[in-house]
1. So who's got an amide H within less than 5 Å of the one on ARG356, skipping anything under 5 residues away but keeping other chains? H placed 1.01 Å off N, in plane.
2. Order these by the 10 Å Cβ neighbour count, fewest first: PHE385, PHE339, PHE236.
3. Is there a pair in LYS7/LYS370; LYS237/LYS323; LYS234/LYS461; LYS410/LYS522 whose C-alpha atoms are over 32 Å apart, and which pairs would that be?
4. How large is ³J(HN,Hα) for each residue in region 266-281, as worked out from phi by the Karplus curve 6.51 cos²θ - 1.76 cosθ + 1.60 (θ = phi - 60°), to whole Hz, x for Gly and Pro?
5. For PHE236, enumerate residues with amide H under 5 Å from its amide H, sequence gap 5+ or separate chain, H modeled in the peptide plane.
6. Shape of region 335-518 from its Cα gyration tensor (a ≥ b ≥ c, root eigenvalues): rounded if a/c is under 1.5, otherwise prolate when a/b > b/c, or oblate?
7. Kirkwood-based Rg over Rh for region 135-319 (C-alpha set), two decimals?
8. Report the gain in length on full extension from LYS151 to ASN406: 0.36 nm times residue separation, minus Cα-Cα distance, nm rounded to one decimal.
Amino acid sequence: CMVRHYKFNVVLKNTTRLCSTKPIVTVNGRYPGPTLVAREDDTILVKVVNHVKYNLSIHCTYIPLHGIRQIRTGWADGPAYITQCPIQPGQNYVYNFTLTGQRGTLWYHAHILWLRATVHGAIVILPKRDVPYPFPKPHKEEIVVLGEWWKSDVEAVINEALKSGLAPNVSDAHTINGHPGPVPGCPSKGYTLPVIPGKAYMLRIINAALNEELFFKIAGHQLTVVEVDATYVKPFKTDTIVIAPGQTTNVLVTTHRGGGKYMVAASTFMDAPVAVDNVTATATLHYSGSLTSAATTLTSTPPKNATSVATNFISSLRSLNSKQYPANVPLKIDHSLLFTVGLGVNPCPTCVNGSRVVASINNVTFVMPKISLLQAHFFNISGVFTSDFPGNPLAPFNYTSTQVTNFATKQGTRLYRLAYNDTVQLVLQDTGMITPENHPLHLHGFNFFEVGRGLGNFNPKEDPKKFNLVDPVERNTIGVPSGGWTAIRFRADNPGVWFMHCHLEVHTTWGLKMAFVVDNGKGPNESLLPPPSDFPKC
Ligand code: C2O
């Protein structure tokens, strides 16, 4: 294995999209950012230098590595005030970590405020040398990063919403590798993916959008799904994939013998009556020999509330579970938890309606600490967090959609404590406090298995009988269905503090987040390593 060095200069760059120009925060001046490429077992050193002094809300930056397990190196995980403090303007920090037992597509993104709208990029982890993919080697691989674009300053959008207590404006367009494609009022060119006839391509698709789950489709071509969140799945064919913010999906596409220009499209999936961005992003799958102009074979994505398309896709996902890549689902459970996820309303005397929208897990709206939780944990600094996160909802209510009388949530920086190697079953139950919504929940530090899912209220007596403990999909981000639940299992074999949050950035901002603290084990390789010397202090 190798040591690979990368340098990420975080800089402002004037960028034009939707026929208007604004400065955006970028890695090395690029949107999306550069791709990190490495092999399983390699060590990566990413030196992040913050050159940005944009305004007070964008004075710090972080580059979390979404989905990298960071075994014993939580210091390189990255979420603001969870594992580290800001890299101040003019300062730098080297994220130093080894890729252990993972191969596939992951990504990195800023993890403070809404900076990840423009600060993100792909991480490609190739299998070890001489280890083939468990599917035929594609002719070529391509990165497809899906995103969202606001014409206005994204930080201003969220700051305005926090002041008013209301929901923020939705984005003005979706993007495919940084480009919306032609939209009404702005006939700009979209991204072009050049291909040759009769070959297999692997697309490494990443949903880097802030707030939108997406459908993704290519006119006239089937997609064979082979991997999600850097774990192999049993291959299956589909027209449309569904991908939530935070998730990655690798698909194989075999090109036709002929030629042509086929539309690639991405649009919102949201089966709740909330405001979303209704603009479809388009790109072109462009066969060699065809004239360079827009796609001529068009397609349309499913309507935004096409729940059945999403459900079919999600229920087709199974771990590969081969001899070489077994699904090690925990069978004996030490902690059986039920977390409700949803929105609430808390008093806010200075807000427009005297109240503000909040979000919570088990009725607790997470309050960000002033120094990082990992620091507080490692150095035994008291008064930063408590270890009493409730294992069950604090307030009973109907989880589906009946209105409740009290929307208010409790506030706290509460963590759930696990001993090293404990096993957890966690049921994530959407609530209909204001409205049911799908929430993509992301857990740092671990992959988990999705053993079950359903609509309505989780039934602790009946539903576990139907759990798939053989080949459930393994991932790091899971969509909790609107008005339904999902059950995940994981083993706490990684000491440290691990954030769990909704990957819809608006919900994270509103407090839909918590963290697990995993104590050291007794064995020689079971404790958190000390922080590196350049670790940013609070
Ligand atoms: Cu991709 Cu905590 O995030």
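Every number here is computed from the coordinates shown, using simple stated rules; none is lab data. All values reported here derive from a predicted model rather than from experimental measurement. We place every Cβ from the backbone using ideal geometry, glycine too, and count neighbours over all the protein chains shown.
1. Result for ARG356 returns ASN346, CYS348.
2. Working: PHE385 20, PHE339 23, PHE236 13.
Going from sparsest to densest Cβ surroundings: PHE236, PHE385, PHE339.
3. LYS410/LYS522, as the Cα separations exceed 32 Å there.
4. Result, ordered by residue: 9, 8, 5, 10, 8, 9, 9, x, 10, 5, 9, 6, 9, 8, 7, 7 Hz.
5. Amide H to amide H, under 5 Å and 5 or more residues apart or across chains, PHE236 pairs with VAL225.
6. Working: a/c = 1.94, a/b = 1.06, b/c = 1.84.
Oblate shape, in that a/c is at least 1.5 and b/c is the bigger or equal ratio.
7. Reported Rg/Rh, Kirkwood definition of Rh: 0.98.
8. My answer for the length gained is 88.1 nm.
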